[in-house]
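What follows is a short report on a single structure.
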Amino acid sequence: MNILITGVGGPTPIGIAKSILLNRRFKNIRFIGVDSDKYAPGLYNKELFDKTYLIPHSSNDDYWSVLESIISKESIDYTFVVPEKEVLKWSLKMKTDGIPCDSLLPDYEVAKVLYDKYEIHNRLIHYNLVPTTIKIETAELEKDIGNFIKIPFWVRAGHGAGAKGSLKINNMDDLKGWIKLNPHIKDFIASEYLPGRIYACKLLFFEGEAIRASCAERFDYLLAQASPSGISGMCSRGRLVNNKGIVEKSIKALKVISDSCKQKPHGMFTVDYREDEYGNPKITEINIRHVSFTLAFALCGANFAEDSLRLYLDDSSFDRSFKIYEFDTDCTFIRGVDAQIKVLKDSEIKDLIL
């Protein structure tokens with residue numbers, strides 16, 4: 001098989017490829033990597049990728065012509081589309097005139113909603129699944145936002161990764177200063193401040209049915225000290241957890257949003273949560289893709305990349321019955337800037353103590 005992976009400058013595509021290679025059945029797969037950034041490290045990873053290409057950005061008019069040439073030249077069978085803007089691009093093409101090779105993608109209307117944090121809030125607010133959220137109109141900053149949302153609150157960009165433009169706001173001067181420092185962000189939103197634990201729920205849907213699910217808790221982030229919020233978007237330490245309640249909330253959220261679009265949930269999703277002051281988990285965003293610690297799940301038996309591939313292959317030995325992956329109580333994963341993900345047991349840490 002020949003598999004194309006997009007956006008190989010980030011850790012997620014690397015994790016997807018390594019996850020698939022954990023199964024010896026797929027050891028002869030050829031991985032083709034593409035990215036629009038000539039400095040993307042994955043473009044030069046010859047150990048993992050058999051061939052890599054520099055392509056136009058997904059916003060470029062030449063994106064499809066170049067990508068289709070690569071798909072034809074390399075006889076691509078299946079594509080893992082990773083950057084969310086590319087997921088939107090592919091989902092739109094799937095809806096309009098068809099994609100050039102197979103890929104597990106959400107419906108375009110569903111993907112558009114999930115990419116917009118404020119729209120997620122609008123679809124889920126009546127189900128007690130999300131924090132109170134309002135849009136910030138920069139031209140009306142003199143208005144007292146505290147009349148609409150309790151201070152302190154959390155401000156962040158309405159689109160993109162959750163850490164983008166995020167800051168805890170303690171007064172209106174904080175907000176005005178933060179917006180002034182980030183003029184490139186045009187869609188700030190303000191949300192109820194959530195001080196509790198941070199979770200992620202991975203969900204694989206196929207034609208409206210939940211197939212696989214699993215959860216993790218995030219503790220620390222790479223370069224957290226360089227971010228005012230302490231969250232950089234890339235987890236450096238976390239723990240794989242068993243949390244049926246969060247899985248059930250995530251399935252409900254995706255079905256509510258899909259139903260509102262008159263579509264069925266289909267594809268790979270990651271639902272992010274943070275607990276409020278009373279310990280209730282609230283959805284902060286829903287990613288329409290795998291996330292950067294997907295390899296950690298795979299190393300502990302929850303191999304969502306492999307599951308996606310087996311669904312594509314219509315593998316008769318693959319059980320499509322819904323399954324929540326469960327883990328030992330001490331499955332901690334760690335990662336450094338230049339170090340790949342490693343899963344630790346508590347006993348390994350204890351062995352280091354004199």
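Kindly list the residues of the range 323-354 that lie in the label zone of Tyr44, defined by a backbone N under 19 Å from the point 7 Å along the Cα-to-C-beta vector. Answer for the range 323-354: 337-340.
Extending 7 Å from the Cα toward the beta-carbon at both Lys255 and Arg237 defines two label points whose distance is 3.8 nm.
Gaussian network model of the chain, Cα springs within a sub-10 Å range: biggest mean-square fluctuation belongs to which of Leu22, Leu204, Leu313? Maximum among the listed residues: Leu313.
One equal scatterer on each Cα of the range 168-228, no solvent, Debye formula: the resulting log10 I(q)/I(0) at q = 0.20 Å⁻¹ is -0.98.
Kindly state, to the nearest 0.05, the FRET efficiency for Asp220 paired with Arg25, given R0 = 25 Å and r defined as their beta-carbon distance. Plugging the Cβ-Cβ distance into 1/(1 + (r/R0)^6) gives 0.10. When the convex hull of its Cα atoms is viewed from all sides, the chain shows a mean projected area of 19.5 nm².
When only alpha carbons are used to place a centre, the range 1-54 and the range 117-131 end up 35 Å from one another.
Taking 0.36 nm per residue of separation and subtracting the Cα-Cα distance, what length does fully extending Glu277 through Lys168 add? Provide the component values of the computation, followed by the final result.
On the way: separation 109, 0.36 × 109 = 39.24 nm, distance 1.47 nm.
Taking Glu277 through Lys168 to full extension adds about 37.8 nm, to one decimal.
Among the protein heavy atoms of the chain, carbon and sulfur supply 48% of the accessible surface, probe 1.4 Å, non-protein parts ignored.
Might you tell me the accessible area per residue for the range 1-139, computed with a 1.4 Å probe and given in Å²? Present the calculation step by step, with values, prior to reporting the outcome.
Working: 6510 Å² over 139 residues.
Using a 1.4 Å probe on heavy atoms only, each residue of the range 1-139 averages 47 Å².
Couplings 3J(HN,Hα) for the range 246-257, derived from phi with the Karplus relation 6.51 cos²θ - 1.76 cosθ + 1.60 (θ = phi - 60°), are 5, 4, 5, 4, 5, 4, 4, 4, 5, 6, 4, 5 Hz, where x marks Gly and Pro.
The calculated 222 nm mean residue ellipticity attributable to helices in the chain amounts to -8000 deg cm²/dmol, summing -39500 (n - 2.57) over DSSP H runs of n ≥ 4 and dividing by all residues. Tell me the angle of helix 84-96 to the major Cα principal axis of the chain, expressed in degrees between 0 and 90 and rounded to the nearest ten. The angle comes out near 70 degrees. Taking amide H as placed 1.01 Å from N in the peptide plane, Thr52 has its amide H under 5 Å from the amide H of Gly33, each at least 5 places away in sequence or on another chain. Working from the Cα coordinates of the range 201-276, the gyration tensor eigenvalues give, after taking √(5λ), semi-axes of 28, 14, 11 Å in decreasing order.
Solvent exposure of the range 209-354 amounts to 47 Å² per residue of accessible area, where only protein heavy atoms count and the probe is 1.4 Å.
Rounded to the nearest 20 debye, the dipole magnitude of the chain is 280 debye, with +1 charges on Lys and Arg beta carbons, -1 on Asp and Glu beta carbons, and the Cα centre as origin.
With a Förster radius of 51 Å applied to the beta-carbon distance between Ser75 and Lys342, the computed FRET efficiency rounds to 0.90.
Per residue and in Å³, how big is the convex hull formed by the alpha-carbon atoms of the range 154-267?
Values: hull volume 14.9 nm³, N = 114.
Looking at the range 154-267, the number lands at 131 Å³ per residue.
Which order do Thr270, Thr332, Thr132 take by accessible area at a 1.4 Å probe, largest first? Before the final figure, lay out each step's value.
Numbers: Thr270 0, Thr332 25, Thr132 65 Å².
From most exposed to least exposed: Thr132, Thr332, Thr270.
The calculated FRET efficiency for Asp319 paired with Met94, based on their beta-carbon distance and R0 = 30 Å, is about 0.65.
Ranking Asp346, Asp314 from most to least accessible surface, computed with a 1.4 Å probe over the protein chains only, gives Asp314, Asp346.
With respect to the chain, whose longest principal axis is taken over its alpha-carbon atoms, helix 172-181 is tilted by about 40°. For the pair Lys112 and Asp187 in one chain, pulling the backbone fully straight at 0.36 nm per residue adds 25.5 nm over the alpha carbon distance.
Each label point was placed 7 Å from the Cα along the Cα-to-Cβ direction; for Ile134 and Leu354 their separation is 5.7 nm.
The values are calculated or read from the model by the stated rules, or taken from the named source; none is laboratory data. No experiment lies behind these values; they were computed from the predicted model shown. FYI the Cβ positions are ideal-geometry reconstructions off the backbone, even for glycines, and counts take in every protein chain you see. When the accessible area is computed, the model is the full protein with side chains, heavy atoms only, and any ligands, DNA or RNA have been set aside. Shrake-Rupley method; radii C 1.70, N 1.55, O 1.52, S 1.80 Å.
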